[in-house]
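This report refers to the structure that appears directly beneath it.
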Amino acid sequence: RGEVARADDRRARPVEDDTPPRNEAERLVASIWRDLLGLERIGLRTNFFDAGGHSLLLIEVQDRLRKDGVEVLVTDLFKFP
């Protein structure tokens, strides 16, 4: 029987790379990830799934990007987490 991770558990996970976003696109993605994952920082090499994300949240990432005028395939989000 598996346990469901709490948001507090996700926030406690270390960020593997603290390098800040370098451009507007990276800042947008980092902002969305911080919001959805409940993290304070997202580094350039932070893996969405290792940071507590899952497939349903990735669909939400795609939706939020679309609302900000960025069209991206969900398959590309899976390829480049």
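The values are calculated or read from the model by the stated rules, or taken from the named source; none is laboratory data. Since this is a predicted model, take the numbers as computed values, not measurements. Note that each Cβ is placed from the backbone with ideal geometry, even for glycine, and that neighbours are counted across all protein chains shown. Side chains are part of the model used for accessible areas, which takes the heavy atoms of the whole protein and leaves out ligands, DNA and RNA. Shrake-Rupley method; radii C 1.70, N 1.55, O 1.52, S 1.80 Å.
Quick notes on this structure:
- Residue match in region 7-17 (condition: surrounded by 15 or more Cβ atoms within 10 Å (Cβ to Cβ), modelled with pLDDT of 90 or more and not in a loop (DSSP other than H, G, I, E, B)): no
- In region 47-81, the residue that is least open to solvent (accessible area, probe 1.4 Å) out of those that are aromatic (Phe, Trp, Tyr) and either closer than 13 Å to Val29 by Cα or touching a residue at least 24 places away in the same chain (Cβ under 8 Å) (or both) is Phe48.
- Any pair with Cβ under 7 angstrom, 6 or more apart, that starts in region 20-36 at a residue that is closer than 15 Å to Gly69 by Cβ and in contact (Cβ under 8 Å) with a residue 24 or more places away in the chain and ends at one that is surrounded by 15 or more Cβ atoms within 10 Å (Cβ to Cβ) and β-branched (Val, Ile, Thr): Ile32/Val61
- As a summary of the residue check, Gly53 satisfies the conditions (1) part of a loop (DSSP other than H, G, I, E, B); (2) out of contact with any helix residue (DSSP H, G or I) (no Cβ under 7 Å at 6 or more places or on another chain) except for the one numbered (2).
- Complete set of residues in region 18-57 that are polar (S, T, N, Q) and at pLDDT below 90: Thr19
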